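Below is one structure, written out as structure tokens; comments come after it.
The values are calculated or read from the model by the stated rules, or taken from the named source; none is laboratory data. Since this is a predicted model, take the numbers as computed values, not measurements. Here Cβ is always computed from backbone atoms with ideal geometry, including for glycine, and neighbour counts include all displayed protein chains. Calculation scope for accessible area: heavy atoms of the full protein, side chains included, ligands and nucleic acids excluded. Shrake-Rupley method; radii C 1.70, N 1.55, O 1.52, S 1.80 Å.
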Amino acid sequence: MSTHSLSVRGLVAGYADRTILHGLDLEVLPGRITAIVGANACGKSTLLRTMSRLLSPRAGQVLLDGKAIHRMAPRRVAQVMGLLPQSPIAPEGITVADLVSRGRHPHHGILSRWSRQDDEAVAAALEATKTLDLADRAVDELSGGQRQRVWIAMALAQETDLLLLDEPTTFLDISHQVEVLDLLTDLNHRRGTTVVMVLHDLNLAARYADHLVAMAGGTLHAQGAPEDVLTAETVRAVFGLDSRIIPDPTSGRPMMLPIGRHRMAVE
Amino acid sequence: MSAVDAIATGRLRRARRRGAVIGGALALLAAAFALTLMLGQSFVPPGTVLRVLAGGDVPGASFTVGQLRLPRAVLSVLAGLSFGLGGAAFQIMLRNPLASPDIIGISRGASAAAVFAIVVMGLDGPMVSVLAVAAGLGVALLIHGLSHRGGVAGTRLILVGIGVSAMLDSVIAYTLSRAPSWDLDQAMRWLTGSVNGAQPAQALPLLVSLAVFGGLLVSRARDLESLRLGDDTAAALGTNVALTRVLVILAAVGLIAVATAITGPVAFVAFLSGPIAARILGPNGSVLVPAGLVGAALVLGGDYIGQFLLPARFPVGVVTGALGAPYLIWLIVRVNRAGGSL
């Protein structure tokens, strides 16, 4: 069970002359799965990038265990919090085992040697992501779904209590999307890892998240249990879309059906 | 076999292959070094070479080996190490083989400053090296500044660098044309690079630069290697990306500039060493140190070929230039075929 706390206070952040986040507060629930959803350019990736200190805030703070994360040593943060960015790069020809072992980076200084504990962490990460039999394969030969599992394995080998993921299911077909989300849920149940992820698919977010955060225009529009957040009003405010919300017959979670201008049986 | 054992075995296998490649490269380099001391216009037997190296006075051989061949071989190895390490550091950091200092104008900046210092300001010795390092850093800052637009994109930096490089070439050509007493041999040194007329004293600044800047690079090798996964992933793994970048640029520019101030820009050694080392090493860890060894072998071997194996005597830069140019063309053609994104 994760004992680390992560919270965001009055966060203002952006790029160059564009401010994207306009004063945002968020409390990440320890040991739970949080999904951040919102329209394109609403600032959800910017929020994740600032929380994982890839981007410095203009104002406000990201607090890890009560301390400002942007003033902590990068290595210390990386021992507690892992991040899977949107487009990581696999060096040409690198094998799965080698790539996953790069996740041990924050646990090593300039002179420290590789230990049995490192091998155990890598093996456990490969087993958890069912990529052990791919260990000696080159990453560039793998399918999209396999590759994403390998990247998650690298983040797991980091052995952090907090794991942030920026759209981990993008570019994957639906079966691999479900596979990745199941894997993250396993991780959350077994190790109590706190998961925070940006997701594109509202219905998958509602199904897998304990806590749903809906963003619009660089601020928090709504947050809470999916049942409370995923309403027709929220969808209209956040996406500018009319919709019907029905209970998902397989999970009991709310499910959004978009209403367009055509192909509507009930006018 | 348990999963943990399998992982440990795989890791040991990679480490062993890496050790074998580095050991093999060192052995080859040592053999080539010994051969260049023995072979030349006249053959000097190994026993005599050893006696000269031990400080013994052998008529004839003391001059050919001690005064001519040894300083030349030492300078070749040290300059090659500097070019190989510095070039590979840039290529790893920017994840692009075209991002080598001799393509993006940093070597040209050091050359231009050295030529200016010698021809116009009448300087020599360490002051030339200091100015060359300063100019190399200046060019690095300039292309970084010109290509910075909400983050540094590798492609933009390379294109800006190629432009700056062309500009600096004309500065070198202009300065040389203003130096009436400048003889052709010295002018060639600043255009292609050469170890002709190597002096033992020239090894000292290279040794210092390798100890300081090379040491800094090797101590940062692990952080540098993490940048290959992308800047975001490296940061997520606890690498201080900005600091690593600054230190790597400083160290690589220092290595390249000091070597350039002494031998001139030995064409394409910085550019070729990393990719050749990567091809030999395979995916078995950082290419940095192997690239240094390949650089040393390229300069040592290239100089020997230029001196003795061609119909006329050529400076080493002509030989490495002839090797590097086709590779550059191939690389650009391949990149264009892949869709034009570098």
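3J(HN,Hα) along region A:98-106: 5, 4, 4, 5, 5, x, 7, 3, x Hz, from the Karplus curve 6.51 cos²θ - 1.76 cosθ + 1.60 with θ = phi - 60°, whole Hz, x for Gly and Pro. Return the single residue from A:Met72, A:Met255, A:Met154 with maximal mean-square fluctuation; model: Gaussian network over chain A, springs between Cα atoms under 10 Å. Ranking A:Met72, A:Met255, A:Met154 by mean-square fluctuation puts A:Met72 first.
Looking at region B:3-337, what % of the alpha carbon pairs are farther apart than 37 Å? Roughly 18 percent, rounded to a whole number. Rounded to the nearest 20 debye, the dipole magnitude of region B:3-337 is 880 debye, with +1 charges on Lys and Arg beta carbons, -1 on Asp and Glu beta carbons, and the Cα centre as origin. Look at the dipole of region A:64-126 built from charges on Cβ: of A:Gly93, A:Pro106, A:Gly66, the Cα furthest out on the positive end belongs to A:Gly66. For peptide A:85-91, the mean count of partner chain Cβ atoms within 10 Å of a residue's Cβ comes to 6.
Rolling a 1.4 Å probe over the protein heavy atoms leaves A:Trp114 with an accessible area of roughly 80 Å².
Place a +1 charge on the Cβ of each Lys and Arg in the protein assembly as shown and a -1 charge on the Cβ of each Asp and Glu, then give the dipole magnitude about the Cα centre in debye, rounded to the nearest 20. The partial results should precede the final answer.
Values: 50 positive and 42 negative charges, 195 e Å.
The dipole magnitude comes to about 940 debye.
For region B:93-177, trypsin sites (Lys or Arg not before Pro) are listed when DSSP marks them as loop and at most 10 other Cβ atoms sit within 10 Å of their Cβ; the list is B:Arg149. Applied to region A:67-76, the Karplus parametrisation 6.51 cos²θ - 1.76 cosθ + 1.60 on θ = phi - 60° returns per-residue 3J(HN,Hα) values of 10, 5, 5, 6, 9, 8, 5, x, 5, 4 Hz, with x for Gly and Pro.
Adding -39500 (n - 2.57) for every DSSP H run of four residues or longer, then dividing by how many residues chain A holds, sets the calculated 222 nm ellipticity at -9000 deg cm²/dmol. For A:Ile89, the residues whose amide H sits under 5 Å from its own are B:Gly230, ignoring neighbours fewer than 5 places away on the same chain, with H placed 1.01 Å from N.
Other chains' Cβ within 10 Å of A:101-110 residues: what's the mean? Could you put the intermediate results ahead of the total?
Details: counts 4, 8, 3, 1, 11, 5, 2, 2, 1, 6.
That works out to 4 on average.
Computed with every protein chain present, the accessible area of B:Leu50 is close to 110 Å² [probe 1.4 Å].
Computed with every protein chain present, the accessible area of B:Thr239 is close to 0 Å² [probe 1.4 Å]. Build a GNM of chain B with springs between Cα atoms under 10 Å apart, and of B:Ala296, B:Ala179, B:Ala251 the one that fluctuates most is B:Ala179. Burial here means at least 30 square angstrom less accessible surface with every protein chain in place than with the chain by itself, probed at 1.4 Å; in region A:54-75 the buried residues are A:Leu54, A:Pro74, A:Arg75.
Hey, if you put +1 on the Cβ of every Lys and Arg and -1 on every Asp and Glu Cβ in region B:3-337, which of B:Ala112, B:Gly40, B:Pro101 ends up farthest toward the positive end of that dipole? Of the candidates, B:Pro101 comes out farthest on the positive side. Largest to smallest in accessible area, the residues B:Leu12, A:Leu29 fall in the order B:Leu12, A:Leu29 (1.4 Å probe, all protein chains included). Close amide-amide hydrogen proximity is noted between A:Leu165 and A:Leu84, A:Val196, A:Met197, A:Val198, each under 5 Å apart and 5 or more residues distant or on a separate chain (H modeled in the peptide plane; Pro and chain starts excluded). Scalar couplings 3J(HN,Hα) for region A:244-259, obtained by applying the Karplus form with A = 6.51, B = -1.76, C = 1.60 to θ = phi - 60°, are 10, 10, 10, x, 5, x, 8, 10, x, 6, x, 9, 9, 10, x, 10 Hz; x denotes Gly and Pro. Against the main long axis of the alpha-carbon atoms of chain A, helix A:144-157 sits at an angle near 60°.
Averaged over its residues, how many other protein chain Cβ atoms are within 10 Å of peptide B:290-298's Cβ atoms? Please report the intermediate quantities before stating the final value.
On the way: counts 0, 0, 0, 0, 0, 0, 0, 0, 0.
Taking the mean over all residues of the peptide, I get 0.
Rounded to the nearest 0.05, what FRET efficiency do A:Thr219 and A:Asp182 have when you use their Cβ-Cβ distance and R0 = 30 Å?
Working: r = 32 Å, r/R0 = 1.05.
The pair A:Thr219/A:Asp182 has a calculated efficiency of 0.45.
Summed over both chains, the area buried between A and B is near 2800 Å², taken from the accessible surface of protein heavy atoms with a 1.4 Å probe.
For chain A, give the magnitude of the charge dipole about the Cα centre (Cβ charges: +1 Lys/Arg, -1 Asp/Glu; no others), in debye to the nearest 20. The partial results should precede the final answer.
Details: 27 positive and 30 negative charges, 166 e Å.
Here chain A has a charge dipole of around 800 debye.
Suppose we look only past 29 Å in the calculated P(r) of chain A. What percent of the Cα-Cα pairs does that tail hold? So the pairs more than 29 Å apart make up 34 percent of the total in chain A.
Under 5 Å from the amide H of A:Met255 lie the amide H atoms of A:Ile246, A:Asp248, each residue being 5 or more positions distant or on a separate chain, with H modelled from the backbone and absent for Pro and chain starts. Taking the accessible area of chain A, probe 1.4 Å, and keeping the other protein chains in place, the carbon and sulfur fraction comes to 50%.
Within the listed set B:Ala203, B:Ala110, B:Ala79, the residue fluctuating most in the Gaussian network model of chain B (springs between alpha-carbon atoms under 10 angstrom) is B:Ala203.
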